[in-house]
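> Can you read through this structure? Questions will come right after.
The values are calculated or read from the model by the stated rules, or taken from the named source; none is laboratory data. Note that this is a predicted model, so its numbers are computed, not measured. Don't worry about glycine lacking a Cβ; one is built from the backbone with ideal geometry, like all the others, and counts go over all protein chains shown.
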Amino acid sequence: MNFQFYKYQGTGNDFVLIDNRQSIFSKNDTKLIARLCDRKFGIGADGLILLENHSTADFTMVYYNADGNESSMCGNGGRCIVHFAKLLGIIENNAEFEAIDGMHTATIKNDIISLKMNDVSEIDMKELYLFLNTGSPHHVELVKNISDFDVFSEGKRLRNEKYGTEGANINFVEQLSENTFSVRTYERGVEDETLSCGTGVTAVAIAMREKGLTKNETVILETPGGTLTVTCTKTDGKYTNIHLQGPATMVFKGEWI
């Protein structure tokens with residue numbers, strides 16, 4: 001199978017993107033998807049994203065984890081595919097697209113993409129952590145000395161022992177200032193720490209608001225791969241008007257032969 005691909009990254013969360021509007025890519029070949037994402041035998045990425053036609057919106061986003069399986073919403077991937085759609089001439093500065101969790105809108109300006117996420121109304125607050133779904137399921141837990149924290153071992157343990165086969169993404173958080181938090185995430189499907197997770201920082205921002213650790217509608221999230229911003233409004237216990245904002249960059253393009 002020969003096809004052109006594009007390598008993208010959004011705060012270090014990297015993806016293989018393919019223009020699949022002509023149905024050139026075999027969507028059921030999970031082994032090929034996993035190989036493309038393999039960092040030693042393939043292109044190397046945290047996931048693969050197909051841009052496809054949509055009957056009414058600008059395009060459809062289909063997202064696969066690095067293990068080759070179709071997965072839930074990816075926030076950084078959503079920002080990258082908006083940049084990709086502009087590169088392809090599908091959009092100019094505004095986008096509307098459908099992902100697995102429903103419709104999304106976005107704006108792009110100077111490689112900075114603001115992606116509207118779906119509303120969040122259910123938050124399970126426990127003594128040691130919070131659990132919520134921001135398009136993907138997220139465990140959010142506060143820790144100390146996050147730079148020295150063993151994210152891989154503890155993230156892997158929680159992902160498997162607590163959340164089983166379906167799994168969840170595990171986010172560890174340390175507060176840096178009134179509205180700034182450091183975040184490190186262990187992602188299911190990648191089965192490792194990633195440099196950034198868009199739905200993860202969205203979950204963290206909402207969780208920190210819910211815990212009362214910040215009252216700001218704008219929360220700054222520092223990840224190993226860069227800085228992301230999440231804005232949201234809380235009304236009657238429901239978080240709405242949620243926007244994930246940050247950079248997206250096309251790294252290179254190539255041909256798989």
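> Scanning segment 146-193 for residues that are closer than 20 Å to residue 206 by Cα and of a type in the set (A, V, I, L, M, F, W, C), which turns out farthest from the chain's Cα centre (by Cα)?
Across segment 146-193, the extreme among qualifying residues is 176.
Here's the yes/no breakdown for (1) touching a Cys at 6+ places or on another chain (Cβ under 8 Å); (2) in a loop (DSSP other than H, G, I, E, B):
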residue	(1), (2)
26	no, yes
33	no, no
39	no, yes
48	yes, no
60	no, no
63	yes, no
85	no, no
95	no, no
107	no, no
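> Would you point out the residue of segment 38-49, among those that are farther than 14 Å from residue 255 by Cα and of a type in the set (A, V, I, L, M, F, W, C), that is farthest from the chain's Cα centre (by Cα)?
Looking at residues that are farther than 14 Å from residue 255 by Cα and of a type in the set (A, V, I, L, M, F, W, C), I get 41.
> Have a look at 27, 7, 31, 109 and point out the one that is under 16 Å from the mean Cα position of the chain (by Cα), more than 18 Å from residue 187 (Cβ to Cβ) and either surrounded by 15 or more Cβ atoms within 10 Å (Cβ to Cβ) or in contact (Cβ under 8 Å) with a residue 12 or more places away in the chain (or both).
Values: 27 fails: under 16 Å from the mean Cα position of the chain (by Cα); 31 fails: under 16 Å from the mean Cα position of the chain (by Cα); 109 fails: under 16 Å from the mean Cα position of the chain (by Cα).
That would be 7, the only listed residue that is under 16 Å from the mean Cα position of the chain (by Cα), more than 18 Å from residue 187 (Cβ to Cβ) and either surrounded by 15 or more Cβ atoms within 10 Å (Cβ to Cβ) or in contact (Cβ under 8 Å) with a residue 12 or more places away in the chain (or both).
> Given the condition surrounded by 15 or more Cβ atoms within 10 Å (Cβ to Cβ), charged (D, E, K, R) and touching a helix residue (DSSP H, G or I) at 6+ places or on another chain (Cβ under 6 Å), answer yes or no: does some residue in segment 193-213 qualify?
yes
> When segment 91-116 is examined, which residues are found to be in contact with a Ser or Thr (Cβ under 8 Å, 6 or more places away or on another chain) and modelled with pLDDT under 95?
Once the filter is applied, which keeps residues that are in contact with a Ser or Thr (Cβ under 8 Å, 6 or more places away or on another chain) and modelled with pLDDT under 95, segment 91-116 yields only 111.
> Given the criterion touching a residue at least 12 places away in the same chain (Cβ under 8 Å), over 21 Å from residue 255 (Cα atoms) and buried (at least 18 other Cβ atoms within 10 Å of the Cβ), identify the matching residue among 114, 72.
Values: 114 fails: buried (at least 18 other Cβ atoms within 10 Å of the Cβ).
Exactly one residue qualifies, and that residue is 72.
> Could you list, in sequence order, the residues of segment 87-105 that are free of Cβ contacts under 8 Å to residues at least 12 places away in the same chain and more than 20 Å from the chain's Cα centre (by Cα)? Steps first, answer last, please.
So the first thing to find is which residues in segment 87-105 are free of Cβ contacts under 8 Å to residues at least 12 places away in the same chain, and the list is 89, 92, 105.
Within segment 87-105, 89, 92 qualify.
> Tell me which residues, restricted to segment 10-24, are charged (D, E, K, R) and in contact (Cβ under 8 Å) with a residue 60 or more places away in the chain.
Within segment 10-24, the first condition is being charged (D, E, K, R), and the residues that meet it are 14, 19, 21.
Scanning segment 10-24 gives 14, 19.
> Would segment 217-226 turn up any residue that is in a strand (DSSP E or B), within 13 Å of the chain's Cα centre (by Cα) and at pLDDT 95 or above? Before you say what the answer is, go through the steps one by one.
So in segment 217-226, the residues in a strand (DSSP E or B) come out as 218-223, 226.
Add one more test, that the residue is within 13 Å of the chain's Cα centre (by Cα), and what stays is 223.
Right, trim to at pLDDT 95 or above and you get 223.
Looking through segment 217-226, at least one residue is in a strand (DSSP E or B), within 13 Å of the chain's Cα centre (by Cα) and at pLDDT 95 or above.
> Then there is this: Which of the residues belonging to segment 82-106 are closer than 27 Å to residue 235 by Cβ and surrounded by fewer than 13 Cβ atoms within 10 Å (Cβ to Cβ)?
Step one: of segment 82-106, the residues closer than 27 Å to residue 235 by Cβ are 82, 94-106.
Scanning segment 82-106 gives 94, 102.
> Restricting to segment 163-180, count the residues that are on the phi > 0 side of the Ramachandran plot and either without any contact (Cβ under 8 Å) to a residue 12 or more places away in the chain or in contact with a Leu (Cβ under 6 Å, 6 or more places away or on another chain) (or both).
Pass one, segment 163-180, residues on the phi > 0 side of the Ramachandran plot: 164, 167.
Within this subset, residues satisfying the condition of being either without any contact (Cβ under 8 Å) to a residue 12 or more places away in the chain or in contact with a Leu (Cβ under 6 Å, 6 or more places away or on another chain) (or both) are 164.
Final tally of qualifying residues: 1.
> Being among the aliphatic types (A, V, I, L, M), buried (at least 22 other Cβ atoms within 10 Å of the Cβ) and without any contact (Cβ under 8 Å) to a residue 40 or more places away in the chain is true for just one of 130, 48. Which residue is that?
Values: 130 fails: without any contact (Cβ under 8 Å) to a residue 40 or more places away in the chain.
Going through 130, 48 in turn, just one is among the aliphatic types (A, V, I, L, M), buried (at least 22 other Cβ atoms within 10 Å of the Cβ) and without any contact (Cβ under 8 Å) to a residue 40 or more places away in the chain: 48.
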